[in-house]
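The values are calculated or read from the model by the stated rules, or taken from the named source; none is laboratory data. What you are looking at is a predicted structure, and each value in this text was computed from that prediction instead of being measured. So basically every Cβ, Gly included, is an ideal-geometry build from the backbone, and we count neighbours across all protein chains shown.
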Amino acid sequence: METITPGLITGLTIGLRGKDFVIIGSSKRELYGSLVISDKGSLMKFFNNRIIVCFSGHVPDIQHIFRELNWFLRTEQLQRERELSIAEVIGFLGILMFSYKLFPNIAWGVVGGFELTGETKLYDLDPLGSVLEEDYVASGISAEVAYGLLEKEYRPDISFDNGKDLITRTLRSVAKRDVIVGKYADIAYIRMINGVKECKIETIALL
């Protein structure tokens, strides 16, 4: 008898913050049951050139969340005539996820970037809407393996280069142990260079 799966899934999102940067990495493999559909998936977006929002989990649920978030940002920023803070964005996402608690979205989120005040923020979001502010985070189906390396090597005063290297090595370490993660990952970052924000997404090979 054939089995029916609920749809595409992705495995892992990790992130960390420093004094003047936030880095988030996410696996690109999308699975339908045991079948690999794509190694080029991406569920990571920039907003206002200072906020990164990334999810792992059930792809249809995540696409729905991004549609709701896009609507929220457009309408609220027009009404308030200003950009929204990260606290307001993560607050909306927490309420949105909690509103589906009887039939929860299978989605784990990481949200990070620069607050309106200029400080860096990083949040972890679970399928029921719990929001935790962290210095580093691993989220998704494959998160357990990633936490070991992050906990061992993260420091509050970590530099951008060391932070990016830690994200890369963590993703590669998990990929060797967990087939859900796949061969490729996206690494997104926002950092300040001489008072100017730099936003970028890079694709790296894991295996």
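So the values come out like this:
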{"read-out": "Failed item in (1) aliphatic (A, V, I, L, M); (2) assigned to a helix (DSSP H, G or I); (3) in contact with a helix residue (DSSP H, G or I) (Cβ under 6 Å, 6 or more places away or on another chain), with L69 passing the rest", "value": "(3)"}
{"read-out": "Subset of the range 130-163 that is surrounded by fewer than 16 Cβ atoms within 10 Å (Cβ to Cβ), of a type outside the set (S, T, Y) and farther than 27 Å from I193 by Cβ - its residue that is modelled with the highest pLDDT", "value": "L132"}
{"read-out": "The range 24-43, subset surrounded by 20 or more Cβ atoms within 10 Å (Cβ to Cβ) and of a type in the set (A, V, I, L, M), residue farthest from G7 (Cα to Cα)", "value": "I24"}
{"read-out": "Extreme residue, nearest to the chain's Cα centre (by Cα), among residues of the range 23-38 that are closer than 19 Å to R169 by Cα and assigned to a loop (DSSP other than H, G, I, E, B)", "value": "K28"}
{"read-out": "The range 103-129, residues that are free of Cβ contacts under 8 Å to residues at least 24 places away in the same chain and crowded, with 16+ Cβ neighbours inside 10 Å", "value": "D124"}
{"read-out": "Which listed residue is modelled with pLDDT under 95, surrounded by 20 or more Cβ atoms within 10 Å (Cβ to Cβ) and not in a loop (DSSP other than H, G, I, E, B), from A185, A175", "value": "A175"}
{"read-out": "Cβ-Cβ under 7 Å pairs, at least 6 apart or on other chains, the range 140-160 side within 19 Å of I106 (Cα to Cα), far side modelled with pLDDT of 90 or more and part of a helix (DSSP H, G or I)", "value": "S142/V174"}
